[in-house]
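Read-outs: derived from the displayed coordinates by stated rules, not from any lab. Quick caveat: nothing in here was measured; it's all calculated off a predicted structure. With ideal geometry, Cβ positions are generated from the backbone for all residues, glycine too; neighbour counts draw on all protein chains shown.
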Amino acid sequence: MGIENRLNMYREIENLRKRPLLVYVTSKRPGVEASMATDVLPCFIEQLDKVSPDATGLDLLIASFGGDPMVAWRIMSLIRERTNLKTISVLVPQSAYSAATLLALGANEIVMHPNSNLGPVDMQIRSVRGGGIQFYSTEDISAFLDFVREKLRISDQEHLRRLFEEVCKELGPTTIGFTARSSR
């Protein structure tokens, strides 16, 4: 769908719901994926400054596989801090995963298309390996170590340390630390 068609559709939503509409869509197309990131914050501030002080509600349309959870928190904080809106609604036409779900949960209301969905909210680690992008949940690391301890019954600390080192080699210790901090 072209940009003009999208803009017309957004105007129709504003007219139908009688409130301003902000849109945050990140690319979910293979090879050109984009995630929620801090570079969007100045754009949100600019758009929020254009919301009429007479507005009592705001719609935020979001379609995203997620990204930085701090961005989700910051977007909703900006909306609440910079406006006197009574109702903030999140519109989910397709999917809002991970940080996008967290953003939606900060609204007063979530309006979803019958085929749209939310979830999961666990932190995702993104790894570029073998020419492709792989995603791992922070829960995957814990589940792997639980599997090793409980199902395989490996309890020797040296073996567990080596297995954890292999995970760190694959994903990177800084990335694991970032996701652990963000999930808290």
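A few points about this structure:
- With a simple spin-label model that places each label point 7 Å from the Cα along the Cα-to-Cβ direction, the separation between residue 25 and residue 55 comes to 1.9 nm.
- Alpha carbon convex hull of region 21-89, volume per residue in cubic angstrom: 80 Å³
- Of every Cα-Cα pair in the chain, the percent that sits beyond 24 Å: 47 percent
- Counting only DSSP H runs of at least 4 residues, each contributing -39500 (n - 2.57), and dividing by the residue count of the chain, the helix-based mean residue ellipticity at 222 nm comes to -13000 deg cm²/dmol.
- Between region 78-103 and region 53-75, the C-alpha centres lie 4 angstrom from each other.
- Taking Cα centre as origin and charging only the Cβ of basic (Lys, Arg, +1) and acidic (Asp, Glu, -1) residues, the dipole magnitude of the chain rounds to 160 debye.
- Note that region 162-169 has calculated 3J(HN,Hα) couplings of 5, 5, 5, 4, 5, 4, 5, 5 Hz, one per residue in order, obtained from phi through the Karplus relation 6.51 cos²θ - 1.76 cosθ + 1.60 (θ = phi - 60°); glycine and proline are x.
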